[in-house]
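Worksheet: one structure, shown below.
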Amino acid sequence: MSNGPIAGWPGLWAAALHQVALRRSGGFGGSGGSGGGRSAGPGHAAGPLASAPGEPGAHGANGVNGGDHLSSGAVGAWRRPPPGRDDESAELFDLYEPLVARTPSSPPWLIAHLGQSLDGFIATHNGDSRFVTGPQDLDHMHRLRALSDAVIVGAGTVVVDDPLLTTRRVPGTHPTRVVLDPMQRVPVAARVLQDRDAPTLWLCDERWHDPTLAPRVAARVLAVPGLAGSDGVFDAQVVRHVLVAQGLRVLFIEGGGVTVSRFLAQGLLDRLHLALAPVLIGEGRRGVRLPASSCLADCLRPGGRIVRLGGDVLWDFDLSPSPSGSASGAGRRHGDELDVADAQVRAFEGGGA
């Protein structure tokens, strides 16, 4: 057992996890965002769908992966290192501060990440994506999971990659896992639907909901009216409203390219992380895809900064609204302004799944 706070980045990370645990349990004293510990099925994870998380770095019953149990005295303050003291830790502090700074009373906040080649692909033409980026970026993704209430992936990602979506590479609590599958086409054998490591929400549109599938999975199935159009393309605004109604307010959209692009095109992202790997794929599955613009002046040009992650270059783009009320990125919309989405969520809350 430590006699004092852990030094360096491990100590800062422990402090970050402690802050996030307080946010999820409502320990900041704010209202809203914790949701009262509602259970969504087997396993334990972040957010109100599970039991409250334990001390940062613990493991076992609270769904926290990696590290030895940390006593309260071992957890120091989440504070940026002084200039010149620990530049690497300071850079990581700046990278994760927007997530750690969220409180129970903060507005819902969305971040997305994609790892792609220099020519803009996240996988080869036949779907091989393991791995485009290096181990440091994989660690970064797992940290984003640990700091978020929920991690969201589309049906295509689950079908091709069969991911676990846990925090197994870093100490931290597993987030609630969300499979966005309007037409309910993900195989019931998918690991994320079957394992009990963390709660999972399987979101589908009620018109394609197959009630015979729910007893065959460990995931909780939510059949949402108006989740997608007749073409099966989901409405990211409805997804956001549904998850916030479940008490999940810090949302990490992990993939794939279609899913991230949809949230970006609808102006719902506060942050976008694009990790560029030193590889040229030539042809394959695209990362970010947005509607075509006729001139450069109309193109999205967000403010950003660069962070080196081993051999990869991470672009950290800020898409949040400016203090004047305008958005950093063109076309950003706020959920409370869309009455149609509000009505759809009210119908969902009344009808259940």
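Please treat every number below as a calculation from the coordinates, not as lab data. None of the values given here were measured: they were computed from a predicted structure. Ideal geometry is used to build each Cβ from the backbone, glycine not excepted, and the neighbour counts take in all protein chains shown.
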If we sort 163-170, 176-183 on the protection proxy, mean other Cβ atoms within 10 Å, highest first, what's the order? 176-183, 163-170
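For segment 86-191, give the magnitude of the charge dipole about the Cα centre (Cβ charges: +1 Lys/Arg, -1 Asp/Glu; no others), in debye to the nearest 20.
The calculation lands at about 660 debye.
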Show me the ranking of peptides 201-208, 16-23 by mean Cβ neighbours inside 10 Å, starting with the highest. 16-23, 201-208
Among DSSP beta bridges whose residues both lie in segment 157-288, state the antiparallel percentage, nearest 5. 10
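Provide the FRET efficiency to the nearest 0.05 for the Ser106-Glu283 pair, computing r from the beta carbons and using R0 = 51 Å.
Once the sixth-power term is evaluated, E becomes 0.75.
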Using per-residue counts of other Cβ atoms within 10 Å, averaged over each peptide, order 237-247, 300-310 from highest down. 237-247, 300-310
Shape of segment 173-244 from its Cα gyration tensor (a ≥ b ≥ c, root eigenvalues): rounded if a/c is under 1.5, otherwise prolate when a/b > b/c, or oblate? oblate
